[in-house]
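All remarks here apply to the structure that follows.
The values are calculated or read from the model by the stated rules, or taken from the named source; none is laboratory data. From a predicted model like this one, the values you see are computed outputs, not experimental measurements. We place every Cβ from the backbone using ideal geometry, glycine too, and count neighbours over all the protein chains shown. Side chains included, ligands, DNA and RNA excluded: accessible areas come from the protein's heavy atoms. Shrake-Rupley method; radii C 1.70, N 1.55, O 1.52, S 1.80 Å.
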Amino acid sequence: MTNNFTLSNARLTAILQILLVYVFVFNPWTSFPYTFFIIIISILALVYWSDKSFTKVGLISNHNLFKTIGTAVILFLATSPILDFIIQPLVTKVTGNAVDFSAFEPLAHNFKLYRKYVLYVLISAAIGEEILFRGFLFRQLNIILPEFKLKTQTMILISAILFSIPHWYQGLSGIIMTFIFGVLFATVYVKFNYNLWINIILHGLIDTLFLTLAYYEKLDYYLLGNDFLFGY
């Protein structure tokens, strides 16, 4: 009975911690990128206080640096063309609406703003979102969910759903694409032995490409597949 009681308390604590951190993403008092600055610090402090290490959120220090970087680059080169030229145009055709990128129009040919956005996105999205939606969320779900056959797949789906919701401002196509990216990031996290550094680099490369295209006013790159493949 004592073991069951302790386990129940651990699950309840893990649920409350997820709710507190996740709700903070939507808080009206802080904005991008400071919201995720606070989230990063809070999660790392919480995890270290509990675990005395960052291993359970994937921030393991004994991974080979060059192998980690190389793996992330290969994944970026392999997945980005498929997602950008095939999946995203197909989502656009199915929904009838392109992803709403209007929030990034001010970056066009504004190098000072572009440079600031790259820095902010690398910290808040590449690092912050990966720590929250992959590292921390997987740690918490592993505590909350009982052992069953499809536990890992369930965690991947929950992670992707929670990751997609804050991107509602990009419209239906944006939410769907973010969900797909969420499945990709979570699958990479699992397949590569929970090495969050690979996720951080991969996420950073994808977002840097996006911001660079926004800077050069080439976001229609994401619609090329409609012209050449789907005729939308």
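Report, by residue number, each residue of the range 33-54 that is open to solvent by less than 30 Å² (accessible area, probe 1.4 Å) and in a helix (DSSP H, G or I). Walk me through how you get there before you give the answer.
Our first condition is that a residue be open to solvent by less than 30 Å² (accessible area, probe 1.4 Å); within the range 33-54, this holds for 33, 35-36, 39-40, 43, 47.
Thr35, Phe36, Ile39, Ile40, Ile43, Val47 - these are the residues of the range 33-54 that are open to solvent by less than 30 Å² (accessible area, probe 1.4 Å) and in a helix (DSSP H, G or I).
Of all positions in the range 59-70, none carries a residue that is open to solvent by less than 90 Å² (accessible area, probe 1.4 Å), charged (D, E, K, R) and over 30 Å from Tyr222 (Cβ atoms). Among the numbered conditions (1) more than 22 Å from Tyr48 (Cα to Cα); (2) crowded, with 21+ Cβ neighbours inside 10 Å, the only one that Glu129 does not meet is (1). Any residue in the range 196-216 that is in a loop (DSSP other than H, G, I, E, B), open to solvent by less than 60 Å² (accessible area, probe 1.4 Å) and either of a type in the set (A, V, I, L, M, F, W, C) or at pLDDT 95 or above (or both)? Within the range 196-216, not a single residue is in a loop (DSSP other than H, G, I, E, B), open to solvent by less than 60 Å² (accessible area, probe 1.4 Å) and either of a type in the set (A, V, I, L, M, F, W, C) or at pLDDT 95 or above (or both). In the range 150-172, the residues that are at positive phi form Cβ pairs under 6 Å with partners that are surrounded by fewer than 16 Cβ atoms within 10 Å (Cβ to Cβ) and not charged (D, E, K, R), at six or more places apart or across chains, as follows: Gly171/Asn97. Of the residues making up the range 78-119, those that are of a type outside the set (Lys, Arg), in a helix (DSSP H, G or I), open to solvent by 50 Å² or more (accessible area, probe 1.4 Å) and more than 18 Å from Met177 (Cα to Cα) are Glu105, Pro106, Phe111, Tyr117, Leu119.
Say whether the condition of being part of a helix (DSSP H, G or I) and more than 17 Å from Gln88 (Cβ to Cβ) is met by at least one residue in the range 176-185. First the steps, then the outcome.
Let us first name the residues in the range 176-185 that are part of a helix (DSSP H, G or I), namely 176-185.
Checking the rest, the ones that are also more than 17 Å from Gln88 (Cβ to Cβ) come to none.
Looking through the range 176-185, none of the residues is part of a helix (DSSP H, G or I) and more than 17 Å from Gln88 (Cβ to Cβ).
For beta carbons closer than 7 Å, sequence separation of 6+ or different chains, a first residue in the range 44-70 that is on the phi > 0 side of the Ramachandran plot and a second that is open to solvent by 40 Å² or more (accessible area, probe 1.4 Å) and among the aromatic types (Phe, Trp, Tyr), the qualifying pairs are Gly58/Tyr194.
Only one of Lys112, Lys56 is of a type in the set (D, E, K, R) and under 18 Å from the mean Cα position of the chain (by Cα); which?
Numbers: Lys112 fails: under 18 Å from the mean Cα position of the chain (by Cα).
Being of a type in the set (D, E, K, R) and under 18 Å from the mean Cα position of the chain (by Cα) holds for just one of Lys112, Lys56, which is Lys56.
Residue under question is Ile82, and the condition is that it be under 24 Å from Thr187 (Cβ atoms) and without any contact (Cβ under 8 Å) to a residue 40 or more places away in the chain; does it hold? Here the answer is yes, as Ile82 does meet what is asked. Taking first residues from the range 208-221 that are within 22 Å of Val73 (Cβ to Cβ) and partners that are open to solvent by 90 Å² or more (accessible area, probe 1.4 Å), the Cβ contacts under 9 Å between residues at least 6 apart in sequence or on separate chains come to Thr212/Lys218; Leu213/Asp220; Ala214/Glu105; Tyr215/His109; Tyr215/Phe111; Tyr216/His109. Looking for whichever is in contact with a Phe, Trp or Tyr (Cβ under 6 Å, 6 or more places away or on another chain), more than 24 Å from Ile60 (Cα to Cα) and polar (S, T, N, Q) here; the options are Ser159, Ser164, Ser173. Which one fits? Going through Ser159, Ser164, Ser173 in turn, just one is in contact with a Phe, Trp or Tyr (Cβ under 6 Å, 6 or more places away or on another chain), more than 24 Å from Ile60 (Cα to Cα) and polar (S, T, N, Q): Ser164.
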